[in-house]
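Reviewing the structure listed below.
The values are calculated or read from the model by the stated rules, or taken from the named source; none is laboratory data. Keep in mind that this is a model prediction, so the values were computed, not measured. Heads up, the Cβs are rebuilt from the backbone with ideal geometry, glycines too, and the neighbour counts pull from every protein chain shown. With ligands, DNA and RNA removed, areas are computed over all heavy atoms of the protein, side chains included. Shrake-Rupley method; radii C 1.70, N 1.55, O 1.52, S 1.80 Å.
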Amino acid sequence: QVQLVESGGGLVQAGGSLRLSCAASGRTVSSVTMAWLRQTPGKEREFVAAMDWSGSNTYYADSVRGRFTISRDNAKNTVYLQMNSLKPGDTAVYYCASQRRGRSVYSVDYNYWGQGTQVTVSS
């Protein structure tokens, strides 16, 4: 059974930084695509960033490219999302996801999901 547990969300002022963590169990993060997605009330879930199983390839939504960085620590079986230069528009519940089902690298279709962590950016 794959379990993903996010942490690190919170309230931050615009321009600030946060680092989200996703601790995985039941599957190694180096064997599957891992991703971060986000959702705000009334909107569909949105792709943020992904890393393929090799760790050599990363993908970002245009809205976060250059500000957010996805990374992983194989020894800790944990994936991270470093978020810098945060904007109020980044406010959302952020989800960690594992094992992509969709064909596109920017897909929001994944087999496994964490419970989500709230990120709120104040202006």
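Descriptive notes on the structure:
- The listed residue being among the aliphatic types (A, V, I, L, M), open to solvent by 70 Å² or more (accessible area, probe 1.4 Å) and in contact (Cβ under 8 Å) with a residue 40 or more places away in the chain, out of Leu18, Leu11, Leu37: Leu11
- Criterion violated by Trp53 - all others in (1) part of a loop (DSSP other than H, G, I, E, B); (2) within 14 Å of Lys87 (Cα to Cα); (3) open to solvent by 60 Å² or more (accessible area, probe 1.4 Å) satisfied: (2)
- Contact map, segment 69-88: residues that are touching a residue at least 12 places away in the same chain (Cβ under 8 Å) paired with residues that are outside any strand (DSSP E or B) and crowded, with 19+ Cβ neighbours inside 10 Å, Cβ distance under 6 Å, separation 6+ or inter-chain. Pairs shown: Arg72/Val29; Asn77/Val29; Val79/Val29.
- Considering residues of segment 60-119 that are in contact with a helix residue (DSSP H, G or I) (Cβ under 9 Å, 6 or more places away or on another chain) and open to solvent by 20 Å² or more (accessible area, probe 1.4 Å) only, the residue nearest to Gly42 (Cα to Cα): Ser63
- Any hit, segment 37-46, residues being modelled with pLDDT of 95 or more, of a type in the set (A, V, I, L, M, F, W, C), in a strand (DSSP E or B) and over 16 Å from Asp109 (Cβ atoms): no
- Test for Asn74: is it within 17 Å of Tyr110 (Cβ to Cβ) and of a type in the set (S, T, N, Q): no
- Matching residues in segment 21-34 - criterion: being over 10 Å from the mean Cα position of the chain (by Cα) and in contact (Cβ under 8 Å) with a residue 60 or more places away in the chain: Ala24, Arg27, Val29, Val32, Thr33
- Selection status of Gly89, on the phi > 0 side of the Ramachandran plot and not in a strand (DSSP E or B): no
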